[in-house]
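What follows is a short report on a single structure.
The values are calculated or read from the model by the stated rules, or taken from the named source; none is laboratory data. It should be emphasised that the depicted structure is a prediction, and the values quoted were computed from it without experimental measurement. When we count neighbours, we look across all protein chains shown, and the Cβ atoms used for this are built from the backbone with ideal geometry, even at glycine. Only protein heavy atoms, including side chains, enter the accessible area calculation; ligands, DNA and RNA are left aside. Shrake-Rupley method; radii C 1.70, N 1.55, O 1.52, S 1.80 Å.
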Amino acid sequence: MPRRALTGNEAMAEAMRQINPDVVAAYPITPATEIVQIFASFVSDGLVTTQFIPVESEHSAISACVGASAAGARVMTGTSSQGLALMHEVLYQAAGLRAPIVICEVNRSLSAPINIHCDHSDTMGSKEAGWIQIYAEDSQDAYDSVIQAIRIAETVFLPTMVSTDGFIISHCMQGVEILEDKQVQDFIGPHRSAYSLFGGAPITVGPLDLQDYYFEHRRQLMEAMNTSLTTLDAVNKEFKQKFGRGYDIIEEYKTEDADHIVMAMGSTCGTAKVAIDKMRAKGVKVGLIKLHVFRPFPHEQLKKALSKAKFVTVLDRSDTASSMGGPIFVETRAALYDQMPKILFADYIYGLGGRDIDIEEIATVIEKGEKMKLQGKVEKPLDYIGLRE
Amino acid sequence: MTKKGWKDLPTGGIITKAGSALDFKTGDWRSEKPIWDKEKCTSCLMCFIYCPDSSIQVKDGKMTGIDYDHCKGCGICAKECPVKVIKMEMERR
C-alpha cells in the first residue's frame, strides 16, 4: 500500500479523486479551500469525470448538491466555519430529503470575533441538522473516513460530514497510506439513493408536508439516525477487515483498568494519549475515550465504556452557550443519567479559536481529576484550559 | 382515505404518484359549514362571484351545490346571499 506525505486537505482531496463523485459544487473558505481547489485541478486534468459546479456561495453550493443528489448523482462538497453556517438551512433540507451527500468539513471557529483557526463550534452548530458527524484524529483517519462516509450515507440515506481540525490536521503533513483506486471503487460500490428524479416513474421531491404527514417523515429521519450506528459499525468492520485499519465509533485507549476516563474528539486525542501514557507511568489508572462519531450520539457505547469509571474528564473544543458546559459534556451526562450517582464529571472548554493545547495541560487536568476523585466531590464542574483570567 | 404510518411512507417525503394534488382536500380544517337551501335559491350566483375558493358548484347557469372538499367555511357566501338561503353551521369532525 503506497504511503504518501499528505496534509489533511490533500488526503481528503485524494479520497474524493478516488471516489470520483458525479457532482461537486463548492465555494472556497479557509481552511477547507484546498480540498476542492485540489479536486478542481483533478477535474481540469481529466483525472475524474465529475461535473464541477463553481457557485457564488455555500448556500448555493449545498443547494446544487441537494438538486444533484435528488437527480440520483453521487455528490460531495467541502466547507468550513462560516461556510457551513451559511449552508445551515439547506443542511436540514438535505437530511429531510434523505440526500446522501458527503461534506469534507474542516473545523474552524465561528465569527465574531473573526478567527480562521480550529475549534468545533461550526459543526456543533449543525449537530441537530440530521447529518451523521465523524471527527477525524489525523489525515489517515480523514482519508479513510471520507471513503467510509460514502458507504454509510448511501446505506442509511443520511448526509454525512467528516471533519478535521483546521490547520492542525488540514495543513499539517503526515504519512498517509493510500488505497488503490480500484480498492476504493470496489469498497464504495455503485451509487445508491432512496429515489431519483431520473428513476423511471415521475416523482415529486420536496412537496408541502403539513400536519398530517410531516411528523411521520421526521420519524423516518429519527429512525435512520437510530439505526445508523449499526451501519457505521458494519462499514468500519468491513473496512478494517479489507484494509487492516479502521476507526471504532468510540475508541478506547488504555481503559481496561481505568477508573478515570478522559473524553475528547479530533486531533487532541493524539495529545491526550501521550498525556495518559505519562500519567500511567506515575501509576494513575487513566484512559481515553475518543469520540469518533458525534452524530448519532453513541450513548449505548458510552454507557458500556464508562460503566467502571469513577471520574470523567471531558475536553470540549466548543461551547454551545448553553451555560451548562460543552456539548460532549452535556450529552455524555444525559446518556449516563441512570448511572450518574457513581460517576463524577468535570468539563474543560479548551482550544477556542485555535489556541494550542499541550501534553502538560492535559496531564494537569488529569491530576486535578484524580484529586476530585479521591475527595468524592467536584469543585468546579466547568473550567477552562489555557484561558487567561 | 387511510393515512399511512411512518414505516410505510416513501423515504424523504417524496410523492410517487402524479396528480396526487387531486387527493388533497384543503377544506378539512373548516370549523363552520355552509348549508344551502336548494328550494329557495334564485341562482343569482352572488355566492359564486364572492367565493374566494371556487367552491360554489354551477352547471348551466344554475347553482348546484357546494364543494365541501375545498370550502374553508369562511361564510362570505352566507353573508352575501341576497335571499339568505345559505346558513353557517358549526361542524365537528
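In this structure the amide hydrogen of A:Val293, modeled in the peptide plane, comes within under 5 Å of the amide hydrogens of A:Tyr135, none closer than 5 places in sequence on its chain. Burial of accessible area (probe 1.4 Å, heavy atoms of protein chains only) in the stretch A:73-98, relative to its chain alone, reaches at least 10 Å² for A:Gly96, A:Leu97, A:Arg98.
So if R0 is 25 Å, what FRET efficiency would B:Lys87 and B:Lys17 give, r being the distance between their Cβ atoms, rounded to the nearest 0.05? E between B:Lys87 and B:Lys17, to the nearest 0.05, is 0.10.
B:Arg30 sits with roughly 10 Å² accessible to a 1.4 Å probe, with DNA, RNA and ligands left out of the calculation.
For the stretch A:264-331 versus the stretch A:194-255, the spacing of their alpha-carbon centroids is 25 Å. For the pair B:Lys62 and A:Ala112, a Förster radius of 60 Å applied to the C-beta separation gives a FRET efficiency near 0.30, rounded to the nearest 0.05. So for chain A, taking the charge dipole from beta-carbon charges (+1 Lys/Arg, -1 Asp/Glu), which of A:Ala264, A:Val43, A:Ala64 sits furthest toward the positive end? With unit charges placed on the Cβ atoms, the residue in question is A:Ala264. A simple charge model with +1 on the Cβ of Lys and Arg, -1 on the Cβ of Asp and Glu and nothing else charged puts the dipole of the stretch A:250-384 at about 340 debye relative to its Cα centre. To the nearest ten degrees, helix A:359-375 and the longest principal axis of the Cα atoms of chain A are 60 degrees apart. Taking all Cα-Cα distances within chain B, those exceeding 15 Å account for 65%. Here the Karplus curve 6.51 cos²θ - 1.76 cosθ + 1.60, taken at θ = phi - 60°, turns the phi angles of the stretch A:162-175 into couplings of 10, 10, 10, 6, x, 6, 4, 9, 4, 10, 9, 8, 8, x Hz, with x standing for Gly and Pro. Across peptide A:51-60, the mean count of Cβ atoms from other chains lying within 10 Å of each residue's own Cβ comes to 0.
Dipole of the protein assembly as shown, Cα-centred, from +1 at each Lys and Arg C-beta and -1 at each Asp and Glu C-beta, to the nearest 20 debye? Don't skip to the answer; put the middle values down first.
Values: 55 positive and 63 negative charges, 290 e Å.
It works out to roughly 1400 debye.
Relative to the dominant Cα principal axis of chain A, helix A:139-156 is inclined by about 60°. Estimated at the nearest 10 Å², the accessible area of A:His292 is 10 Å² with a 1.4 Å probe.
Taking the Cα centre of the stretch A:3-243 as the origin, how large is its charge dipole in debye, to the nearest 20, when only Lys and Arg (+1) and Asp and Glu (-1) carry charge on their Cβ atoms?
Details: 15 positive and 28 negative charges, 80 e Å.
That gives a dipole near 380 debye.
Output the pairs from B:Lys3/B:Lys33; A:Lys282/A:Lys304; B:Lys17/B:Lys79; B:Lys4/B:Lys79 with a Cα-Cα distance over 30 Å in this structure; if there are none, say none. Intermediate results must be reported in sequence, preceding the final value.
On the way: B:Lys3/B:Lys33 24 Å; A:Lys282/A:Lys304 27 Å; B:Lys17/B:Lys79 39 Å; B:Lys4/B:Lys79 39 Å.
From B:Lys3/B:Lys33; A:Lys282/A:Lys304; B:Lys17/B:Lys79; B:Lys4/B:Lys79, over 30 Å: B:Lys17/B:Lys79; B:Lys4/B:Lys79.
Note on A:Glu56: accessible area is roughly 130 Å² with a 1.4 Å probe, heavy atoms of protein only. In this structure, the amide hydrogen of A:Leu382, modeled 1.01 Å from its nitrogen in the peptide plane, lies closer than 5 angstrom to those of A:Asp347, counting only residues at least 5 positions away or on a different chain. On chain A, 54 percent of the accessible area sits on carbon and sulfur atoms, based on a 1.4 Å probe.
Treating r as the C-beta distance of B:Glu80 and A:Phe198 and R0 as 45 Å, the FRET efficiency rounds to 0.35. Would you work out which of A:Phe52, A:His171, A:Phe187 lies farthest towards the positive end of the dipole of the stretch A:3-243? Charges go on Cβ: Lys and Arg +1, Asp and Glu -1. Comparing the listed Cα positions along the dipole, A:Phe187 ranks first. Taking amide H as placed 1.01 Å from N in the peptide plane, the amide H of A:Thr7 sits under 5 Å from that of A:Gln174, each at least 5 places away or on another chain.
Total buried accessible area between B and A, probe 1.4 Å, nearest 100: 1500 Å².
The phi-based Karplus calculation (6.51 cos²θ - 1.76 cosθ + 1.60; θ = phi - 60°) puts the 3J(HN,Hα) values of the stretch A:93-102 at 5, 4, 5, x, 7, 6, 7, x, 7, 10 Hz, whole numbers, x for Gly and Pro.
How large is the convex hull of the Cα atoms of the protein assembly as shown per residue, expressed in Å³ as a whole number?
On the way: hull volume 96.6 nm³, N = 482.
Hull volume over Cα atoms, normalised by residue count, gives 200 Å³.
Checking Cβ-Cβ separations below 4.7 Å across the protein assembly as shown identifies A:Cys65, A:Cys104, A:Cys118, A:Cys172, A:Cys269, B:Cys41, B:Cys44, B:Cys51, B:Cys71, B:Cys74, B:Cys81 as cysteines lacking any candidate disulfide partner.
Extension gain for B:Leu45 to B:Lys4 (0.36 nm times residue separation, less C-alpha to C-alpha distance): 10.8 nm.
The long axis of helix A:268-281 is offset from the longest Cα principal axis of chain A by roughly 30 degrees.
Using the Karplus relation 6.51 cos²θ - 1.76 cosθ + 1.60 with θ = phi - 60°, the per-residue 3J(HN,Hα) values for the stretch A:325-336 come to x, x, x, 5, 4, 4, 6, 5, 4, 5, 5, 9 Hz, with x marking Gly and Pro.
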